[in-house]
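Below is one structure, written out as structure tokens; comments come after it.
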Amino acid sequence: MLQNGDLNIMFLNTNVPGSAASSSDQENKSVDNFKNNYLDDYPKKNAEILSGQYGVNLLLVGISLMLALSNSESQVDKKDVLAFLVAVMLVQLFWMLWYIVKKKKHECPAPEKDIHAGTSWLRGGLTLLAILSLIMDAFHIGYFIGYEQCLSPVIGVFPAVHAVHTISQVYFIWVHVKDIIKTYENFERFGVIHAVFTNLLLWCNGVVTEADHVLQSYQKRQVDLGIGNMTLGNREPYCNCTTKACTIFLHSLYYLYPFNIEYHIFVSVILFVMWKNIGRTIEYQRKIKVVIRIAGLIVGPVMGLIAFSSSIGVLVMYIIQVGDSVEARESALNMFYCYGIIILFFMCTAGSIGLLIYRSDNAPMDYSKIPSRKLDSELLFITATGSWLMSWCSIISVISTSTSPKYRWTSFFYSLLLIFEKYIQNLFIIESLHRKADNNEDETDGPITEIFSVSGGLSLSTNISLAPSFSGIINAAFESQERECASVNSDEENKKQEHIQNNRLSEESISLPQKSTQKLNKKRKIVKNIAIFLFMCNISLWILAAFGCRPQYDNGLEENTFGFSAWSTVVNIAMPLNLFYRMHSVASLFEVFVKV
């Protein structure tokens, strides 16, 4: 748009006789209009869609290459997929380096931060997963050194680049993931979305590799038991290993893949929140230091530890018995389903009690638009569909099958409870995340509880806002860095002065009867025990599915109903969603635990 001064000059020129206001001014006006309409406004309105489409197509290219590997006669080899992944990781590394250098060179004195994005607890968990991924890269490199004579150099380059990518990305997340980008917005959108889909591609690669290993193990068990007549392909390189640790490296890799898979999917979620925050402005928020209180936590942790230790025992027994004999396999499956029915029943009961407590409490809901919290709720629903699909397929296969193994009806009730458990747990988590934290209801003898999580305002030194939220979007592409810094600073000072006065008034008006506070504290303690119990149960169920307990392959009911090809496709798609659902629920339930 033309500034007011420009408009005044044009007005004088058109009304003063003999002025030179002429074709040159009109040409300049046309150039400015063209720039505003096509170079400024259009990208700012459509940059999110354009960058999103770029990311989706990048993902589809990688998936297409991975699908080509399923055909043994295809000319696409594993080294082609790894070369593509190396290329996209290098592009992300260059972008992160450019962003860090640009940030240090042209940093505003007080840049805006989203306190709800990338909390300290979540970043600490990602760091642990990243360390395990680095160990996996070291095993990959050791395996490559042993078979260097007959393996492509890309097989060794990929883990080396992945290790550098992991270290750099963890640093970027710790330092810059909370940034609200206000300069070079259109370019930065493409950089952040490239990082998002690079991690999704690495997640897909891990999922495909891990699913292939699970399928090979299943086929080997079928051949050993004399049930199936399958030809097992030789996956070993066609040369001798030059070290004695090749077999150790190979078998150890598959125990580390689940951690690498979860690392990349969580990083993609965090970076997606950063992408959504580009151009967003956040009101000044008064910060309150919070710490953890664990008083009254007995029942939840004890029952959670019982569930966790039981799951370890079930995992060990299942792995030992499922490939021993047909009778031992049926016993292992029946044991797994009985354990699943018990733990899912208690999880449904605990979640229902939590919802009933919420129904009896008239605490207000927080409807502010926080991208990370909104994404949490959507991911819970989307990822639950994978488990629901497998459960309904299992129910149909149990009802329609003509055989009657002893685990037939335990499989039926397990699948049915699995549907209800996710339904109730989703309601409990989402309502907990959207309830306002009433700071005046905390116990009078202690500080406020600390909040952690994948979504809203949760970290080791977390901040809670007493001010109303604001989620306006400001597109600031093509504006100079100096102007942006000045506007951010002036807005920040105005917001501070305004909200400090509002917060003082709100703090002075807080009061609550002691009896009411005691009742609310009892309810909160119950909900805390429920949250920590569900937290431990979700960890237990993730461990079972991630490290070998997959009765969807071994019970044979679904395979007889839907066929091996169709059912293996369903499991390979739904199981990664189910694993991410469990790990995402762990993060969300920890937030609920400390937020109540």
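The values are calculated or read from the model by the stated rules, or taken from the named source; none is laboratory data. Note that the structure is predicted; figures quoted are calculated from it, not measured. Heads up, the Cβs are rebuilt from the backbone with ideal geometry, glycines too, and the neighbour counts pull from every protein chain shown. SASA here: full protein model, heavy atoms, side chains in, ligands and nucleic acids out. Shrake-Rupley method; radii C 1.70, N 1.55, O 1.52, S 1.80 Å.
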Legend entry - Filter result (within 29 Å of residue 262 (Cβ to Cβ), among the basic types (Lys, Arg), at pLDDT 70 or above and not in a helix (DSSP H, G or I)) within region 209-248: none
Inset, instruction - Quick one: in region 388-420, of everything that is touching a residue at least 40 places away in the same chain (Cβ under 8 Å) and among the β-branched types (Val, Ile, Thr), which residue is most open to solvent (accessible area, probe 1.4 Å)? - result: 396
Inset, instruction - Assess whether residue 100 counts as being farther than 25 Å from residue 140 by Cβ, aliphatic (A, V, I, L, M), modelled with pLDDT of 50 or more and surrounded by 11 or more Cβ atoms within 10 Å (Cβ to Cβ). - result: yes
Legend entry - Neighbours by Cβ (under 7 Å, 6+ apart or cross-chain): first from region 150-176, at pLDDT below 95; second of a type in the set (Lys, Arg): 152/79; 154/79; 155/79; 173/123; 174/123; 176/103
Inset, instruction - State the number of residues belonging to region 75-96 that are over 24 Å from the mean Cα position of the chain (by Cα) and either over 16 Å from residue 204 (Cβ atoms) or open to solvent by 50 Å² or more (accessible area, probe 1.4 Å) (or both). - result: 5
Inset, instruction - Go over the candidates 184, 147 one by one and state the one that is open to solvent by 10 Å² or more (accessible area, probe 1.4 Å), over 25 Å from residue 66 (Cβ atoms) and either at pLDDT 85 or above or among the aromatic types (Phe, Trp, Tyr) (or both). - result: 184
Inset, instruction - Quick one: count up the residues across region 301-344 that are under 26 Å from residue 590 (Cα atoms) and either assigned to a loop (DSSP other than H, G, I, E, B) or of a type in the set (A, V, I, L, M, F, W, C) (or both). - result: 13
Legend entry - Options 337, 358; residue that is open to solvent by less than 30 Å² (accessible area, probe 1.4 Å), in contact (Cβ under 8 Å) with a residue 40 or more places away in the chain and farther than 14 Å from residue 407 by Cα: 358
Legend entry - Top-ranked residue of region 369-387 - restricted to ones that are in contact (Cβ under 8 Å) with a residue 60 or more places away in the chain and of a type in the set (A, V, I, L, M, F, W, C), ranked as surrounded by the fewest Cβ atoms within 10 Å (Cβ to Cβ): 382
